[in-house]
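Encoded as structure tokens, the structure appears first; notes follow it.
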Amino acid sequence: MLLLLLTFQLATLLLAHGQNACIGHSTFRSPANSDIEVSCGSQTVDLQILLCPVYFNGYNESLLSLNSEHSKHQCKGVADWTADPPVVKFNFSITEEGISACSSKLTVTQEVGTGQFADFSNVQYINISGMVCSKDPSTGAITYHQEVMYQFSCRYPLQYLVNNTQMSVSSVNLAVKDTNGSFISTLSMGMYSDENYSRSLQIPPGGLQLKTRIYVEVKASNLTNRFNVLLDRCYATASPFPLNTTFYDLFVGCNRDGQTMIGVNGEQQEARFSFEAFRFIQSLEETLSTYYVHCATRLCVSSFCPSLVQNCTSTTSRRRRSARNDQGTTVSDMATITSGPITTRVDRVNPWETGQAHLNSTVVAVSVVAGIVGVICLTLVAFIVYHMYNSNFSFNKTILRG
């Protein structure tokens, strides 16, 4: 009873202060639906509500809370009297814990893909909704206060949109766009040199040898276990910006390069694949070739992911994705996650050195042959001299005996 009385007295003091600050202000009027401003960010939902209409109706910031959770401090707002007009601010994290803490609702819907998602037969959206409600300060049997209630909602496409920001190969987190929101805060692409994804790929200054297998992992962080990561397309370009440039598809849906191996995709909060290092024909005359890997990434509800992962035995699925690829999916509008530079080398042999080596081997061969011929000749000379000496010796012996 004492706590209730103290709360009522505090509300009365705040009300008196707020009314004095709001009297004469253009927003000191009855509440309207337009009094709330909702910002659907990549990490939090932020709300701003005009304060003076709240005071006009006989309430204050201490009597407002998210979804009528008046007993929870984290569900209360904070007044900002330095703003013009004065506002009360609420915010909560868009993790499952943050959403449920103040009883906001989270629902997932499925829609037919349109616009930049027209290639997808199903697009999932997450909707976060709730309200900011007032608590009547009256302690009697009746009240003269009109309830104040503001509803809000944020709609997030699960297609994950990120900036085309260059990253290092050592797996640095990539910042996300706040425009239209995104349900996770960071996405990273890491490259590894082993199939266990335990050793980060180190590219030497002289570049990787061709056909070196590169293991790629696209991983989400701060992501509720409700969702998985799905790669729809990964491709390479000679430019760090995947816009109207030469590209080579590592895989698009079911269609993949012969040297590309797809591991986990749409099954966990990381997606994995590997490919062999190559070079673009346009840099054939250069010792080093540099290119970048880009992956169009989206999220899916874990229970629904199997139906989004293409059935690669289906000719319909293959035909639809292939037709899309034939139309030139350089993807100028769809955002992707991009790797750092990958450099490969060609071990060239100097033609002059090759000729010189051939000349040297020829000289050596001729020398050997000449040596063999010389030994044969010396042997023949020695043989002839020996026989001549024996003949003369026999002839002389015959004369002496005679």
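The values are calculated or read from the model by the stated rules, or taken from the named source; none is laboratory data. Remember, predicted model here, so these are calculated numbers, not experimental data. Neighbour counts run over all protein chains shown; Cβ positions are idealised from the backbone, glycine included. Note: areas computed on protein heavy atoms with side chains; ligands, DNA, RNA excluded. Shrake-Rupley method; radii C 1.70, N 1.55, O 1.52, S 1.80 Å.
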- 5 angstrom amide H check on Val87, placed H, neighbours 5+ away: Leu51, Asp80
- Taking Lys76 as the anchor, which aspartates and glutamates have their alpha carbon closer than 13 Å to its alpha carbon, excluding any fewer than eight residues away along the same chain? Asp46, Glu61
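In whole percent, how big is the carbon plus sulfur part of the accessible area of segment 230-270, probe 1.4 Å, protein atoms only? Kindly include the intermediate steps, with their values, before the conclusion.
Numbers: 910 of 1790 Å².
Percent of accessible area from carbon and sulfur atoms in segment 230-270: 51.
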- Note on the structure: For the pair Gln209 and Thr109, the simple spin-label estimate (label points 7 Å beyond Cα toward Cβ) gives in nm 5.6
- Query: So what are the ³J(HN,Hα) numbers for segment 265-276, from phi and the Karplus equation (6.51, -1.76, 1.60; θ = phi - 60°), rounded to whole Hz, Gly and Pro as x?
  - Reply: 7, x, 10, 9, 8, 9, 10, 9, 7, 9, 8, 9
- Task: Compute the FRET efficiency between Ile23 and Ser93 as 1/(1 + (r/R0)^6), taking r as their Cβ-Cβ distance and R0 = 41 Å, and round to the nearest 0.05.
- Result: 0.65
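For Ser39 and Lys72, compute 0.36 nm times the residue count separating them, minus their Cα-Cα distance, and round to one decimal in nm. Intermediate values should be presented prior to the final figure.
Numbers: separation 33, 0.36 × 33 = 11.88 nm, distance 2.23 nm.
Length gained between Ser39 and Lys72: 9.6 nm.
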- For segment 144-151, Karplus couplings with θ = phi - 60° (6.51, -1.76, 1.60), whole Hz, Gly/Pro x: 10, 8, 7, 4, 9, 8, 10, 9
